Amino acid sequence: MSAKLLSAHSTVFKCWQTRQRGLWRCLSTGSASLGSGRLKGRSCLTLKDFSSDEIKSLLWASSDLKHRIKLEKQYLPILQGKSMAMIFEKRSTRTRMSTETGFALLGGHPCFLKPQDIHLGFNESCRDTARVLSRQCDIILARVPNQSTLEELDREASVPIINGMSDLYHPIQILADFLTLQEHYGSLQGLTVSWIGDGTNILHSFMMAAAKLGVHLKIAKPKGYEPEMSLIQEAQRLSREHGTQFLLTDDPMEAAHGSNVLVTDNWLGNEEERKKRLKDFEGYQITMKTASVAKPDWTFLHCLPRKMEEVDDEVFYSSRSLVFPESENRKWTIMGLIVALLTDYSPQIPMPKI
């Protein structure tokens, strides 16, 4: 066999090896695509459905878009001619602004739809709405009370569906959280995240992704505020599979001990529940006392909006708080997710260390 033919065979084999690792690098140019369209056409209802490599690819695309658009001031009309239906049955600041401005920044047309704007759930079935919108737009983001609504939309639509938040999951928030931690620490592998608060949809999403990224997860919650049992079991399985630690406790200080990242969410609830929850969550406010048992490099995350009872000002506005970079990254990660689901996007920067 000639040297030229041997070289060609070698290049093909190397490309195959690279594809198997999920990077799909083009060896001649050094560019890369996200699994050669492996994510294109997919929906994102929960990160439970995404592998470790797929979540890493989403973070890579997000980091790349942020670098090219924010730092290099490039104009990237990747979504030119595409439209997005944004169904919002629940109010939002970050999800609406990040999605609407991000989609437009990439050249697409976002359509914001409030409950009073469309017939979903009133004069029209979810099935019919999904089929109509599929013929009008390229992708649908829905922020709805019930995960079952998203699942029905996904069954009936012919375009990708993104969970903008439901009662069970909030995947786009967790992508932003992990991008923020990746930027701050340089790598996610081996970090310990301590969740101190209620068993919410955000915690559920942490539980479905942390182990896949090599992140240890420790959870402190009062009795009666546990996450879903089926998701606890899945998180335990993922932890064993990926060799990470998963801890569930009622003691906030135990969870915070030796942690890199302290996280909480809105656990105060509505006015009717306020008195009971203040009693149930006594000792769960994150303060410098909580941080005193964490690692020296500890940081703090909160998805917002925040109440004083959950975290005091000393922590929330400290230099250790990554809350506002976290909020900004909601934009870059939703952009990365949309681009991955709609295109064969090729990031230009090297894949960040995970």
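Annotations
- Filtering segment 329-354 to residues that are not basic (Lys, Arg) and not in a helix (DSSP H, G or I) leaves Thr343, Asp344, Tyr345, Ser346, Pro347, Gln348, Ile349, Pro350, Met351, Pro352, Ile354.
- All conditions but one from (1) surrounded by fewer than 23 Cβ atoms within 10 Å (Cβ to Cβ); (2) over 23 Å from Cys111 (Cα atoms) apply to Ala209; the one that does not is (1).
- For Arg68, the conditions (1) closer than 26 Å to Ile202 by Cβ; (2) modelled with pLDDT of 95 or more; (3) open to solvent by less than 90 Å² (accessible area, probe 1.4 Å) are fulfilled apart from (1).
- All conditions but one from (1) β-branched (Val, Ile, Thr); (2) more than 16 Å from Asn329 (Cβ to Cβ); (3) touching a residue at least 60 places away in the same chain (Cβ under 8 Å); (4) open to solvent by 50 Å² or more (accessible area, probe 1.4 Å) apply to Ile139; the one that does not is (4).
- Qualifying residues in segment 169-186 (those that are touching a helix residue (DSSP H, G or I) at 6+ places or on another chain (Cβ under 9 Å) and surrounded by fewer than 22 Cβ atoms within 10 Å (Cβ to Cβ)) - the one nearest to Met86 (Cα to Cα): Glu183
- Restricting segment 80-104 to residues that are part of a helix (DSSP H, G or I) and not hydroxyl-bearing (Ser, Thr, Tyr), the residue that is most open to solvent (accessible area, probe 1.4 Å): Met97
- Segment 306-326, subset over 17 Å from Phe281 (Cβ atoms) and out of contact with any helix residue (DSSP H, G or I) (no Cβ under 6 Å at 6 or more places or on another chain), residue most open to solvent (accessible area, probe 1.4 Å): Tyr317
- Qualifying residues in segment 253-286 (those that are farther than 26 Å from Ala210 by Cα and assigned to a loop (DSSP other than H, G, I, E, B)) - the one nearest to the chain's Cα centre (by Cα): Asn270
The values are calculated or read from the model by the stated rules, or taken from the named source; none is laboratory data. Source: prediction; values computed, not measured. Virtual Cβ from ideal backbone geometry, glycine too; neighbours counted across all protein chains shown. Heads up: the accessible areas ignore ligands, DNA and RNA and are worked out on the full protein's heavy atoms, side chains in. Shrake-Rupley method; radii C 1.70, N 1.55, O 1.52, S 1.80 Å.
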